[in-house]
Amino acid sequence: MKLLHNYIYIFSFVILFFISICRSEYSSGFHFPNEREEIIDGFFSKSRHTNNWAVLVDTSRYWFNYRHIANVLSIYRTVKRLGIPDSNIILMLADDVACNPRNRFQATVYNNAERKLDLYGDNIEVDYRGYEVTVENFIRLLTGRHLPDTPRSKRLLSDDRSNVLVYMTGHGGEEFLKFQDTEEISSYDVADAFEQMWEKRRYNELLFMIDTCQASSMFSRVYSPNILATGSSQTGQNSYSHHLDPELGVAVIDRYTYYNLETLEYVTLQSQKTLQYLFNTYDVSLIHSTPGIRHDLFERNLNKVLITDFFGAVYNIELTLKGYKLSRSNENDIPLIQHNTIDDNEETLNRINNNDLIPKNEYKMIKIRSKRSAKVSPIFLLGFVALISGVIFMSKIVN
Amino acid sequence: MRRERELYEKHQVSNRLHIIGAIWLVFLIGIPIWWKTTEVYRASLPYKEVQKWQDPNSLYINFSIQLSYILPNDIAKDININSLNENIQEEFNKKNIIGNNNDNTQDNTSTDDDDFEYTYPPKIGFSFSVNTKTTDKWNSNIALTRNIDENFDDLLTLDTDTDEYNVYILKQKETSKSFADVYIGKNKQFMIFLKDFSEENIIKYTVPIILNMFENEHSDIISSFTEERDENESKEEIRKMRTFKYASNYQILYSLFNGNVNDYTVNWEIEKSIKSYFGPFFDTLSFISKFDVTSQIQNFATLPLTAKYSNDNDNKYYYLEAKDLGHFINSAEWNLASPVSTAPPINFILYIPPYSQSPLYIHDSKGEILETNAFLIPRWGGIVIDKNRNNTMDNIGEHQYIYSFKDLHPIMELFLDQLRSLLGINEIKFLPTDLPRNVRVLYGTDSKRGITAWELDQLLRKRTVQNLVNASRTLNSLAKLVGSLRNMVVKDKIKDKVDFALECLENAYKEVNGRNYKQVFLYSKNALIASEEAFFDPTMVSMLYFPDEHKYAVYMPLFLPISVPLALVLKEEFKKRKKNKKQSSTSSSKSEESNKNVNEKESTSESQSIETNGS
C-alpha cells in the first residue's frame, strides 16, 4: 500500500490561454485603436505554432531610398519589441544610410520628420548587408540551401511549428521586385521558394507582406498552403511615400508601412487584436493605393489570427508537476553506462561529404586539372579540329 | 586573255562553293557543340526507386517483439510449460494485427487526398513471439520480503544486454487486495504478481496488459504523422507540439539568471552536476543524438513581467499566474542564442528573482502554488524559478550564494523531467480503463540513467519510424524538385547521397523484422541525414525563373542575321548548279556558256556582298 502510494503519479496537464477577441465593427476611416472597443467573441482559439521567425528585406540601395530602409527598420523594431529574439530575425539591408555622408544626423535612421525615435539605436543586428542582399541569398535563405560555412545568424532555421513573417520593400513592377539595381526576383521565384519551404515543412503559417509598386502581383503566383499575403497596392497601381524630412531632403517612410505601424505601435504582447483588425484599418484615401490581401490559401479565419501570431512571440507553456527521481550520493557518483557499440555506417556519408565540407572553387570558378583538361571531351576535340581545318581551308582559298 | 579570264572565273566559282561549304560546316558542327557545352549537368537520379518509397504500402514496418516468460521452478512444476507457451502465443496471435486493423480505415480516408503522402501515416505492426523458460535462481516468493523497487529489479535481471522482454511470474503478498499487481521494471522486465498460478490466470493478467502497452506505443507513433489543424487540445497534439524534431545533435544551454546582482552574487557547481546528473542520461542516448552542453551565468536578468503580491494568512509572497508565463522570456535582453552551431538549441534556465520580489511562486490555473515552481516551453526548454531565496532572511550582509551539488539536485531532477518530455520520451502509463479489473500497476524508474530500457526502446522505435518516413518523403520532394526545374544542375554528389539514402532505407527494411533496433535506427538515421543533405545541398538552387520567350529574345539577334544570308546563298548556289547541269547537258555552244559565266559572276558578287553585310 505504502509503495503504491509512493508511485502514484499525477497526470500532467497543459494550460493554453489563448482567448481570441475579435472586432466585429468595421472601421471605415483610420482612427487610433482603442482596447475597449474590442468584443470577446467567446471562441477559444489556439495557435499551433511554438516559435516565430521574421525575414525582413530591404532590396534597394542609395541615399534617395532612405525610406525603404526606414520601413524595414520600423518593422524590425516592432517585431523585436513584441518578443521575437534577434536570433530569429533575419534582417537584410541593401544599404547603410545611417552612415551615408549625406545623412545630416549621422548613425541614425528616423521614420518620422519629427525625429523622435531613432530606429538605428544601439542594438540592431543586420544579418545580410550591402551587396550580400542578392536574389540568390534570399532564395538560399528561404529554401535553407546554404554553403556549409554560413553562420547560424544568417539561416532561417524554422520548423513545422514556426510562424514566419516575410516583409519585403523596394522598387518593383508587375511580377518582379528589383534587388540592388542589378537583378530582380520574379513572383514565380517567390512562389517556388515558398513551395520548397512547405515541402520540407519549414513553416506552419507564413505572412508575406510587401510594400512596393504593384505589390499584389508579387504574391499572385503563390500556391502553397497556409500562406497569407498582403501588399501595399494592386497590380497596376503605384505605392507612395508618406512624407519628407526637409532637413534630410528625402522621404522617410512609405505610406503603407506607415499606416501599418500606426496600428502595430499600439499592439502589446498581451494584446488580442487580430489581423482582420489590422486589415480593416487600411484606408485607401490615406494610403493612396488599394492594399491587396490574399487569404485563399490560409485556413484560419482572420478574425482569430492574432497580430502577435506573426509580429510577436508568445510562448505556449506547460507547468512541470514533478521532477524525475535521481539518486546520487555525491558529486563523484557518476553511474557507468555500458556502451554497446554498433558499427555506424557513417563513413560512407563522410566519404561523400569529405569533398564539400569546405566550399571549394567549384562554386565560383572551374578548377582545371592539367592532366585531364586536354582530353576533356572528344566532342570538344572534334569541334576544335573542325574549326582549325575550316580556318586553314579558308585562308588557303583567300590566298 | 579571254581564256585566262574564263579559267579564273571557273576557279572563283569553285572557291565560292568552298567558302559557303566551310561556313556551313562550321555552323553545323558548331551548333551541337554549343548545345552540348551550354547544357547543365544533371546526374540521373534513381527516380524509380524513389517512387517506390512513395507507395504507402512500401512503408509497412513490422517490429518483432521477443517475449520470454520466466517462471520460477516451484511454480513451473505444477504447470505444463509447453502448453502454456502455445496458449500464450496463440493469444498474442489473435490480436497481433495492430497495424493492419487501423490501416483499413485510414486508407479509405486518405486515398482521395492530393497532398501526396504526407497524410498517410505509415503502417506499423508488432508481431510477438513467445517462449517460456524456467529458472531456479529464485523462488516465486522472492518478492514477499523485499521492497519492489530498482534494486529488486537489478536483483532479478538475468542479462542486461538482451533484446528480449522478460515476463516474470511471481507470488503476490496474501494481504494484497488487488487480483494482480504489475511492476514494469527498468530493464525490460514485466513482473506480474499473482496469488493463483493457473494457466488461465497467467494469460489473463499478462497478455492484455502487454498488448495494451504496445497499442499505446502504436497510436503514439501514428499520431506523430497526422497533420490535423483543428483546434482541439488533445493529448497527442500537445505532445507533438512539445517534442523536438529529431536531430542528430542538440545543443543544451544551462543558464543561471540572477534577477538583481545587488542582492546576491551567485555561482553554481554546474559542471560537476551535469557530469553526474546528466552524464549517464546523455551517454545512454548518445547513439540516438549527441548533446553539446554549455552553461552561463547572467546578472541583471530583468523579467518583462511584474509579479503580483499575495499576503493572505501571513504567508507573504509574490506570484506569477500561469497564463502570463508565456511572456516570461525576455528575448530582447537575455542572451540565449548560440552562434556556434546550427543544431537545435534546448535552453534550461534557473531564475533567481530579485530580493524585492522574493519568494516568487507560480500559480496554477486554480490559483494554487505550484510545488515545483517550474514550467516548460514546447520546443524551447525548461525554466525553474528558485523559491528558496526569500526576503525574510536577514543575511543582507551575506551577498554571495553558491549553489552546491546538493542544492542543484532537485533542480536537476526538474530539468531532466523537462528534457525527457522535450525529447519525446513517453512514460509508460495505463489508463484505468485499459487494465483488467482490479489490477494495480507500479512503474519503475531508473534513477541512475534517467531512462528505463522500455522507454529507450519505445523512443528508438518511434524515431526509427519517423526517420524512415521523413527520409522517403525528403527523397520524394527532391525527385519532384529535380523533375520540375529543368535548368537545375544535379551533381554526382547528389546522386551519391540519394543512392546511399536508398541503400540505407533498403537495409533498414531488411533489418526491421529482426530485433536489432539499434542497427535499424542507425540505418534510418543515416538515410535521413543523407537525404536531407542531398535536399539542402547548396548547389541545388536552380537558375531563377527564365521563361522561354526570354531565351528567344536573347538568341534571336545573334542567329537571325547569320542564318538568313547563309540560307539564301545556299539556295542560290543550288539553283545555279541545277541550271549549270541543265545547260551543260543541253547546250553545246561555247559562247552561250561564256555569256552565262559572266552573268554568274555578277550574281556571285551580289551574293557575296550580301554575305559580308550579314556577318
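The values are calculated or read from the model by the stated rules, or taken from the named source; none is laboratory data. This structure is a prediction, so every number in the text was calculated from the model and none was measured. No Cβ is skipped: glycine too gets one built from the backbone with ideal geometry, and neighbour counts run over all protein chains shown. Side chains are part of the model used for accessible areas, which takes the heavy atoms of the whole protein and leaves out ligands, DNA and RNA. Shrake-Rupley method; radii C 1.70, N 1.55, O 1.52, S 1.80 Å.
The table for this structure:
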{"item": "Elements of type strands (runs of 3 or more DSSP E) in segment A:6-98, at least 3 residues being modelled with pLDDT of 90 or more", "result": "A:51-58, A:89-93"}
{"item": "Residue tally, condition within 23 Å of the chain's Cα centre (by Cα), within 14 Å of another protein chain (Cβ to nearest Cβ) and crowded, with 16+ Cβ neighbours inside 10 Å, over segment A:272-301", "result": "3"}
{"item": "Looking only at segment B:1-49, and only at residues there that are over 27 Å from B:L568 (Cβ atoms) and polar (S, T, N, Q), the one that is farthest from the other protein chains (Cβ to nearest Cβ)", "result": "B:S44"}
{"item": "Residues of segment B:186-200 satisfying the condition of being under 28 Å from B:T445 (Cβ atoms), outside any strand (DSSP E or B) and free of Cβ contacts under 8 Å to residues at least 40 places away in the same chain", "result": "B:K195"}
{"item": "Residue among A:E174, A:E125 that alone is open to solvent by 30 Å² or more (accessible area, probe 1.4 Å) and within 11 Å of chain B (Cβ to nearest Cβ)", "result": "A:E125"}
{"item": "Unmet criterion (only one of (1) within 14 Å of chain A (Cβ to nearest Cβ); (2) modelled with pLDDT of 75 or more) for B:K137", "result": "(1)"}
{"item": "The one condition in (1) out of contact with any helix residue (DSSP H, G or I) (no Cβ under 8 Å at 6 or more places or on another chain); (2) at positive phi that A:E175 fails to fulfil", "result": "(1)"}
{"item": "Residue check for A:L156: open to solvent by less than 40 Å² (accessible area, probe 1.4 Å), part of a loop (DSSP other than H, G, I, E, B) and either of a type in the set (D, E, K, R) or within 22 Å of B:F244 (Cα to Cα) (or both)", "result": "yes"}
{"item": "Among (1) within 14 Å of another protein chain (Cβ to nearest Cβ); (2) touching a helix residue (DSSP H, G or I) at 6+ places or on another chain (Cβ under 6 Å) - the single one A:R201 does not satisfy", "result": "(2)"}
{"item": "Every residue from segment B:186-227 that is closer than 19 Å to B:I70 by Cβ and polar (S, T, N, Q)", "result": "B:N187, B:Q189, B:S198, B:N201, B:T206"}
{"item": "In segment B:284-319, residue nearest to the other protein chains (Cβ to nearest Cβ) [restricted to those that are touching a residue at least 60 places away in the same chain (Cβ under 8 Å) and of a type in the set (A, V, I, L, M, F, W, C)]", "result": "B:F287"}
{"item": "The listed residue being within 12 Å of chain A (Cβ to nearest Cβ), over 21 Å from B:E49 (Cβ atoms) and aliphatic (A, V, I, L, M), out of B:V564, B:V541, B:V520", "result": "B:V541"}
{"item": "Qualifying positions in segment A:180-197 - outside any helix (DSSP H, G or I) and under 16 Å from the mean Cα position of the chain (by Cα)", "result": "A:I185"}
{"item": "Qualifying residue in segment B:191-200 (condition: at positive phi and open to solvent by less than 70 Å² (accessible area, probe 1.4 Å))", "result": "no"}
{"item": "Which listed residue, of B:Y60, B:Y69, is of a type in the set (S, T, Y), under 30 Å from B:Y517 (Cα atoms), away from every other protein chain (no Cβ under 14 Å) and open to solvent by 70 Å² or more (accessible area, probe 1.4 Å)", "result": "B:Y60"}
{"item": "Members of segment B:397-456 that are on the phi > 0 side of the Ramachandran plot and in contact with a helix residue (DSSP H, G or I) (Cβ under 8 Å, 6 or more places away or on another chain)", "result": "B:G424, B:G450"}
{"item": "Tally, over segment B:33-46, of residues that are open to solvent by less than 70 Å² (accessible area, probe 1.4 Å) and more than 38 Å from the chain's Cα centre (by Cα)", "result": "1"}
{"item": "Some residue of segment B:91-100 being open to solvent by less than 50 Å² (accessible area, probe 1.4 Å), modelled with pLDDT under 85 and more than 33 Å from the chain's Cα centre (by Cα)", "result": "yes"}
{"item": "Candidate set: segment B:491-517, residues that are open to solvent by 40 Å² or more (accessible area, probe 1.4 Å) and not in a loop (DSSP other than H, G, I, E, B); chosen: the one nearest to the other protein chains (Cβ to nearest Cβ)", "result": "B:D496"}
{"item": "Unmet requirement for A:E136, which otherwise passes all of (1) surrounded by fewer than 19 Cβ atoms within 10 Å (Cβ to Cβ); (2) within 14 Å of another protein chain (Cβ to nearest Cβ); (3) touching a residue at least 24 places away in the same chain (Cβ under 8 Å)", "result": "(3)"}
{"item": "Matching residues, segment B:280-313, being surrounded by 18 or more Cβ atoms within 10 Å (Cβ to Cβ) and in a helix (DSSP H, G or I)", "result": "B:P280, B:F281, B:F282, B:T284, B:L285"}
{"item": "Boolean, B:T265 is open to solvent by 60 Å² or more (accessible area, probe 1.4 Å) and out of contact with any Lys or Arg (no Cβ under 6 Å at 6 or more places or on another chain)", "result": "no"}
{"item": "Hey, B:A553 at pLDDT 80 or above and within 44 Å of the chain's Cα centre (by Cα) or not", "result": "no"}
{"item": "Subset of segment B:469-490 (residues that are at the interface with another protein chain (Cβ under 9 Å from one of its Cβ atoms), charged (D, E, K, R) and out of contact with any helix residue (DSSP H, G or I) (no Cβ under 7 Å at 6 or more places or on another chain))", "result": "B:K480"}
{"item": "Qualifying residue in segment B:448-459 (condition: basic (K, R), facing chain A (nearest Cβ under 9 Å) and assigned to a helix (DSSP H, G or I))", "result": "no"}
{"item": "Residues satisfying the stated conditions in segment A:206-218, i.e. open to solvent by less than 10 Å² (accessible area, probe 1.4 Å) and not in a helix (DSSP H, G or I)", "result": "A:L206, A:L207, A:F208, A:M209, A:I210, A:D211, A:T212"}
{"item": "Looking only at segment B:454-475, and only at residues there that are of a type in the set (S, T, N, Q) and open to solvent by 10 Å² or more (accessible area, probe 1.4 Å), the one that is farthest from B:K36 (Cα to Cα)", "result": "B:Q458"}
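Conditions tested, residue by residue: (1) more than 14 Å from every other protein chain (Cβ to nearest Cβ); (2) of a type in the set (K, R); (3) in contact with a Gly (Cβ under 9 Å, 6 or more places away or on another chain).
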site	(1), (2), (3)
A:N103	yes, no, no
A:R115	yes, yes, no
A:D149	no, no, no
A:K178	no, yes, yes
A:M197	no, no, yes
